[in-house]
Protein chains: 2
Amino acid sequence: MKEKELRRSLSVFPIGTVMKLTDLTARQIRYYEEQQLIQPQRNDGNRRMYSLNDIDVLLEIKDYLAEGINMAGIKHIYEMQEQEQEKKQAALKRPVTDEDVRRIFHDELLQQGRLNNDEQGHSTLFHTHKPL
Amino acid sequence: MKEKELRRSLSVFPIGTVMKLTDLTARQIRYYEEQQLIQPQRNDGNRRMYSLNDIDVLLEIKDYLAEGINMAGIKHIYEMQEQEQEKKQAALKRPVTDEDVRRIFHDELLQQGRLNNDEQGHSTLFHTHKPL
DNA sequence: TTTTTATGTTATAAAACATAACATCTCCTG
DNA sequence: CAGGAGATGTTATGTTTTATAACATAAAAA
């Protein structure tokens, strides 16, 4: 499953493609980058190149905005998710106690709703938001 | 499984990205198009936009060329494959006789080697040649 | 009512791409 | 071996796309 992650993080889309796939304006996409929600790579000519993961995040941002959540709220959400990632990483770097297992398992249950929802077929052309 | 096909045929890559993913020059990519081996879409500004399927074909062409097969030979290969596709399509448009079934099944066996080989992980970054 | 947010708009410069023509190199073949 | 065809390189010119940055604005928040 490591191969798939790699492919999803390849920077292969120029902003024009991302605009079409997400139905966001260039201004919006660059603004969300300014807000640190995505960090697209740059090619040799200084052009932004986006990955499927970037597109996922952009689509999620759209959803959150549609729900009325503002930038601050969205930033908070992604900060939380980062923290959890770090926690899981840390847990793997040292002997795992039974206590750890119970805690991690508990955290995962709390997270499930937010992370695993396919939001019943967003129809989003590329059907990103995880698959692919 | 129809969704995946759709995604694989979306025209989302500019030629620059295709060059990096396939390690072909723009000249080569356009030449193979001239030879009708791929038919990339054009965006509103007349720029070629390629799909994952296009990239697959380009990588296959590279392989065939490396094997010493020339354009004519490669064209022939793809013409054959098209014919088979049409056959299968046609078979679905009218009542299928037992005879049909036997014939199609027979053809499939002959084809298997060529179509289903994963060519043991071409390592090709995007790992195209089917997956994704 | 002021600020702040989130996004639109415009101007300017550079990068990427299209087309087309000519060049070159490798095979093949007479 | 000369000459031609096939496959790709190279160069020139014009158009499209993207980057940056500044100013504008509608809606939400303070």
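The values are calculated or read from the model by the stated rules, or taken from the named source; none is laboratory data. A quick note: this is a predicted structure, and the numbers were derived from the prediction, not measured. When we count neighbours, we look across all protein chains shown, and the Cβ atoms used for this are built from the backbone with ideal geometry, even at glycine. SASA here: full protein model, heavy atoms, side chains in, ligands and nucleic acids out. Shrake-Rupley method; radii C 1.70, N 1.55, O 1.52, S 1.80 Å.
Figures for the structure shown
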quantity	calculated
Tabulated pairs, segment A:40-60, first outside the structural domain of A:Ser9 (by TED's automatic domain parsing), second open to solvent by 10 Å² or more (accessible area, probe 1.4 Å), C-beta under 7 angstrom, 6+ apart or interchain	none
Per-region count, segment A:47-80, residues under 30 Å from B:Val18 (Cβ atoms) and assigned to a loop (DSSP other than H, G, I, E, B)	2
First in segment B:6-20 and under 16 Å from B:Gly45 (Cβ atoms) and facing chain A (nearest Cβ under 8 Å), second anywhere and assigned to a helix (DSSP H, G or I) and open to solvent by 30 Å² or more (accessible area, probe 1.4 Å), Cβ under 9 Å, 6 or more apart	B:Val12/A:Lys20; B:Pro14/A:Gly16
Conditions (1) modelled with pLDDT of 95 or more; (2) more than 18 Å from the chain's Cα centre (by Cα); (3) not in a helix (DSSP H, G or I): number failed by A:Val96	(1)
Selection count, segment B:2-46, where residues are touching a helix residue (DSSP H, G or I) at 6+ places or on another chain (Cβ under 7 Å), among the β-branched types (Val, Ile, Thr), open to solvent by less than 30 Å² (accessible area, probe 1.4 Å) and not in a loop (DSSP other than H, G, I, E, B)	3
B:Pro14 vs. criteria under 19 Å from A:Leu52 (Cα atoms), within 14 Å of DNA strand C (Cβ to nearest atom) and touching a Lys or Arg at 6+ places or on another chain (Cβ under 7 Å)	yes
Condition check for A:Glu84: open to solvent by less than 70 Å² (accessible area, probe 1.4 Å), charged (D, E, K, R) and either part of a loop (DSSP other than H, G, I, E, B) or in contact with a strand residue (DSSP E or B) (Cβ under 9 Å, 6 or more places away or on another chain) (or both)	no
